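Each remark here refers to the structure printed beneath this line.
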Amino acid sequence: MSENPFPLEKDALLAAYRRMKTIREFEERLHVDFGRGEIPGFVHLYAGEEAAGVGIMMHLKDHDRIASTHRGHGHCIAKGVDPADMMAEIYGKSTGSCAGKGGSMHIADLSKGMMGANGILGAGAPLACGAALAAQKLGHDGVAITFFGDGASNQGTVLESMNLAAIWNLPAIFVVENNGYAESTSVDYAVASDSYVDRATGFGMPGITVDGTDFFAVYEAAGEVIRRAREGGGPSLLECKMIRFFGHFEGDAQTYRAPGENEDNRAHRDCIKMYRAKIVDSGVIDNDELDAIDAEVMTVIEDAVQHAMSSPMPGLSDLTTDVYVSY
């Protein structure tokens, strides 16, 4: 076996591949099943963006908190949420991670530190500040990460949260998942600043931009800003330049894309294909090991779908539960 040139041991390299592949096949299956009319509500798919979510979340523990976006399935899986619980939630079933009440855009699992996807653009940033403040006051080394897109980066909630995090020196990390489009509007048209790092500088925090399709670039940059936050160094911004393979939502005609853009992305900018080629070419891992993971993942996804389809819907008695919390 060749010497390992990567910052992760072999078992961790395989685990990263498994997480990315699970996200991809989960989303590909939702794309099919939503098209069949089997899933209620909207879904926004994370396929194509797996390297960013997994590259960051490989550094996190259950007590670290994340606040997601409307495109939250990938963040859930990367943070360790059970795909079967997620699938049941997206199907609106009582066995889901939120008892079928959150659905795709509000899926959560607090036991894994996943505070929830969010249908309101930029709304996760204040939540992450709250979680970061709690970690700071409790005196443990937990961090909080908020994910948002290039469109949500212009929301006042995000900018106000960056200011607050800087003032209070919170262990918070602001991750811009820049896939080039705010729904259907190009980032070149809608964002005045050429660099999100400049925005971070404006709030007195460091920022870095990485290729979000390169797992190792994300992993190494995320490791640095997370380490800094854990050690009391305060907030940072991480911009991941990435792509999404599907439309903004399922049913999006994508007329704003150039002819052949999707096909070119699939052929040349697939983060999982690039990751696989890199680790196989190194000689550390062979194709048979990865093929075995592929087969395992397909079984996991099929089992999750069957679990969701066979689970009961929430009953009328569930309508008013989980509405209020008593302290």
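The values are calculated or read from the model by the stated rules, or taken from the named source; none is laboratory data. The structure displayed is predicted, hence computed values, not measured ones. With ideal geometry, Cβ positions are generated from the backbone for all residues, glycine too; neighbour counts draw on all protein chains shown. The area values use the complete protein model at the heavy-atom level, side chains included, leaving out ligands, DNA and RNA. Shrake-Rupley method; radii C 1.70, N 1.55, O 1.52, S 1.80 Å.
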**Q.** Glu220 paired with Asp252, simple spin-label distance in nm, labels 7 Å along Cα-to-beta-carbon
**A.** 3.1
Q) If you stretched the chain out fully between Glu38 and Leu316, how much longer would it get, using 0.36 nm times the residue separation minus the C-alpha to C-alpha distance? A) 97.9 nm
Q: Of the listed pairs Lys10/Lys241; Lys61/Lys273; Lys137/Lys278; Lys112/Lys278; Lys93/Lys273; Lys101/Lys278, which have alpha-carbon separations greater than 32 Å here?
A: Lys137/Lys278; Lys93/Lys273; Lys101/Lys278
Q | Under the Karplus curve 6.51 cos²θ - 1.76 cosθ + 1.60, θ = phi - 60°, whole-Hz ³J(HN,Hα) for segment 4-20, x wherever Gly or Pro sits | A | 6, x, 9, x, 10, 6, 4, 4, 5, 4, 5, 5, 5, 4, 4, 5, 5
Q: Per residue of segment 210-220, in order, report the coupling 6.51 cos²θ - 1.76 cosθ + 1.60 (Karplus, θ = phi - 60°) as ³J(HN,Hα) in whole Hz, putting x for Gly and Pro.
A: 10, 6, x, 8, 9, 3, 5, 5, 5, 4, 6
**Q.** In order through segment 141-157: 3J(HN,Hα) via Karplus (6.51 cos²θ - 1.76 cosθ + 1.60), integer Hz, x for Gly, Pro
**A.** 9, x, 10, 10, 10, 10, 9, 7, x, 5, x, 5, 4, 8, 6, x, 4
Q: Assign one of three labels to the chain, namely rounded, prolate or oblate, based on the Cα gyration tensor with a ≥ b ≥ c the square roots of its eigenvalues; rounded applies when a/c is under 1.5, prolate when it is not and a/b is larger than b/c, and oblate otherwise.
A: rounded
Q: Add +1 for every Lys or Arg and -1 for every Asp or Glu among the other residues with Cβ under 10 Å from the Cβ of Ile145, and state the total.
A: +1
Q. Quick one: of the DSSP bridges fully inside segment 10-272, what percent are antiparallel, nearest 5?
A. 10
Q. For segment 180-327, what does the alpha-carbon gyration tensor say about shape, rounded, prolate or oblate, given a ≥ b ≥ c as the root eigenvalues, a/c under 1.5 as rounded, and a/b over b/c as prolate?
A. rounded
Q.
Per residue, how much accessible surface does the chain expose to a 1.4 Å probe? Answer in Å², no decimals.
A. 44
Q | Helix-only [θ]222 nm of the chain, DSSP H runs n ≥ 4, -39500 (n - 2.57) each, per residue, nearest 500 | A | -14000 deg cm²/dmol
Q. Percent of accessible area on the chain owned by carbon and sulfur, 1.4 Å probe?
A. 54
**Q.** Asp82 accessible area, 1.4 Å probe, all protein chains in place, Å² to nearest 10
**A.** 70
